Every structure is written in structure tokens, then in C-alpha cells.
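Visitor: Take this structure first; my questions come after.
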Amino acid sequence: MTDQATTTIDHPALKLVKESFSTCRLRATAFRGQTTLIVEPGDLHRVMAFLRDDPGCAYCFLSDVGGVDYLGYPQKMPGRFAVVYNLLSHDHDDRLIVKTFLDPSVPTDGVEEDPALYVDSVTDLWPGAEWNEREVFDMFGIRFRNHPDLRRILTWEEFPAHPLRKDYPLRGRGERETYRVLDRTSS
């Protein structure tokens, strides 16, 4: 596992992951002291379970789950969207970022469900991932298989798009103008 400059990245968990998942396509990068492990979506849940359960890794804390839209990014990326997991090992005082890329198979200008934008939920490994995964779903339209309660968390259920996608207009599509305003007397 090497970065783009083909130099060896010295991170304690990478060797263990590479040995345990020798048939999986894994990549790693390092930037400003932060190591990122890039995993294929189909292998993500197994690798995450290993990173949590293996004593040499012991990433017991998932501090964050986020989404990224690489539309218009100056470099070629393996997919348009990424789901990013920030892991922390208290036993080893170590941090690791895990990223998986997804590429849409249908136009992304609406709420149409895209079978290519699915990844396995990690809520069975870290229950605290529930709300973070809901936010990624709401804002980017990435769905998490086996999530216990996958529904919108920041916008209303009938919201017509995913607002953090880069092809979503900055001023919206008129949702604010047609949104029914509630006051104290209408509740």
C-alpha cells in the first residue's frame, strides 16, 4: 500500500490490514501526518470490523462519518462521491481515516435512488454512526445497507434533492419560496 509517489507509508495498521486482506484492492495515502486507507465499497464492512476487533489495530472509537462530492475536482478520483470514516484507537493513541469511493450510475440532479450509491452501514460496529450516516444520506444521497433508521435528518422527508451535491444550485430550486412557514398559532 503506497501513496501516489510510490513511497512506503509507515502506519502500524496498514501492514496488519494488508496481511489480512491480501486479495482485496487496498490503497493508502498520507498527507500532513494523516494516513488514509482507501477500501473498495464491497470490502468496507469487513475491513472496518477488522480495524475495530484486531488487537493490533483496536480502533474502538469512530469519531466521524462524512461525505465528499468530488465533482469538478482538479485531479481524477476513483469515484465522484466518497464516504469518509475517522477512526481512533485509544490503546495505540493512533488515528486512521478510511475512505471508500462511489460512482453514480444515474443523473444526480434529483432524489432518484441510485443502486451504485450504496455502502454497508457500520452501525453494528459503532452504534454512534447512526446519525452521521443519516446526515450523509440526507445531504449526498448515499444509502447505507442495514442501517436501523435511514431517513432524512436535516431536511424534511419530501425534500426534492440532496443539497450538498455540487450539482445542486447554491440558491436551491425554489424550496424556500414554497416552504410552508409555521408560526405558534398553526402548531
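No value in this document is a laboratory result; all are computed from the given coordinates. Keep in mind that what you see is a predicted model, and the values were worked out from it rather than measured. With ideal geometry, Cβ positions are generated from the backbone for all residues, glycine too; neighbour counts draw on all protein chains shown.
Visitor: When Lys and Arg each count +1 and Asp and Glu each count -1, what net charge do the other residues less than 12 Å away from Thr108, Cβ to Cβ, add up to?
Guide: Taking every Cβ under 12 Å from that of Thr108, the sum is -4.
Visitor: With the calculation restricted to Cα positions, what are the radius of gyration and Dmax of the stretch 1-102 in angstrom?
Guide: 13.1, 40
Visitor: Around Lys166, what is the net charge, scoring Lys/Arg as +1 and Asp/Glu as -1 over all other residues with Cβ under 10 Å from its Cβ?
Guide: Net local charge, Lys166 excluded: 0.
Visitor: Report, in degrees rounded to the nearest 10, the 0 to 90 angle that the Cα long axis of helix 44-53 makes with the longest principal axis of the chain.
Guide: 60 degrees
Visitor: Another question, then. Considering just Cα atoms, how many Å³ per residue does the convex hull of the chain enclose?
Guide: 153 Å³
Visitor: List every residue whose amide H lies under 5 Å from the amide H of Ile9, counting only residues 5 or more places away in sequence or on a different chain, with H placed 1.01 Å from N in the peptide plane.
Guide: Asp3
Visitor: Still on this model: Taking springs between alpha-carbon atoms closer than 10 angstrom, which of Leu117, Leu16, Leu96 fluctuates most in the Gaussian network model of the chain?
Guide: Top of the fluctuation ranking is Leu16.
Visitor: Right, something else. Excluding Leu88 itself, what net charge comes from residues whose Cβ is under 12 Å from its Cβ, given Lys and Arg +1 and Asp and Glu -1?
Guide: Taking every other residue near Leu88 into account, the sum is -2.
Visitor: Find the eigenvalues of the gyration tensor of the Cα atoms of the stretch 48-103, then list the square roots of 5 times those eigenvalues as equivalent ellipsoid semi-axes, largest first, in whole angstrom.
Guide: 27, 10, 9
Visitor: Which angle from 0 to 90°, rounded to the nearest 10, does the C-alpha axis of helix 129-140 make with the longest principal axis of the chain?
Guide: Tilt relative to the chain: about 60 degrees.
Visitor: OK, next. What residue among Pro74, Pro41, Pro127 has the largest mean-square fluctuation in a Gaussian network model of the chain, using Cα springs under 10 Å?
Guide: Pro74
Visitor: Over all pairs of distinct alpha carbons, what does the Kirkwood formula give as the hydrodynamic radius of the stretch 104-147, in Å?
Guide: 10.9 Å
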